[in-house]
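This report concerns only the one structure given below.
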Amino acid sequence: MIRSGAQKGAVGEVIRVITKTNAVIIKGLNLRTKHVRPNRLNPQGSIITKEAPVPMSKVSPVVDGKPVRVGFRIEPDGSKVRIARKGGKDLKVLGVVHGPRSKK
């Protein structure tokens with residue numbers, strides 16, 4: 001869910017994460033038009049629309065239709081997971097940061 005800007009409240013699926021600039025590309029949101037000059041493959045030229053990156057700080061994950069904060073938890077096997085910080089003890093796992101670690 002986008003938290004601010006012209007598309008505030010819009011929900012979409014993250015296609016790609018750009019770690020170098022801390023941005024994400026969301027499917028169907030933040031569309032930009034680009035004029036493409038004529039070339040051998042496209043002799044007429046064209047106007048295409050594509051998704052532009054959105055800063056990661058402007059986006060929050062959605063659980064059950066509501067935006068949530070993100071926390072981290074280390075599981076008993078040593079793996080680190082991202083969890084949704086919602087009220088209550090039922091915390092949903094959003095993704096795995098890294099797998100199990102061997103104990104030395």
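Every number here is computed from the coordinates shown, using simple stated rules; none is lab data. For clarity, every value in this text was computed on a predicted model and none was experimentally measured. So basically every Cβ, Gly included, is an ideal-geometry build from the backbone, and we count neighbours across all protein chains shown.
Worth pointing out:
- Between amide H atoms placed 1.01 Å from N, distances below 5 Å from I26 occur with I15, V54, all of them 5 or more places distant or on a separate chain.
- Kirkwood Rh in Å, taken over the chain so that all alpha-carbon pairs contribute: 16.5 Å
- For S79, the residues whose amide H sits under 5 Å from its own are R101, ignoring neighbours fewer than 5 places away on the same chain, with H placed 1.01 Å from N.
- Phi angles of the range 64-77 translate, via the Karplus equation with coefficients 6.51, -1.76, 1.60 and θ = phi - 60°, into HN-Hα couplings of 6, x, 10, x, 10, 7, 10, x, 10, 9, 9, 6, x, 7 Hz per residue; Gly and Pro are given as x.
- Net charge over other residues, Cβ less than 10 angstrom from the Cβ of R69 (K, R count +1; D, E count -1): +2
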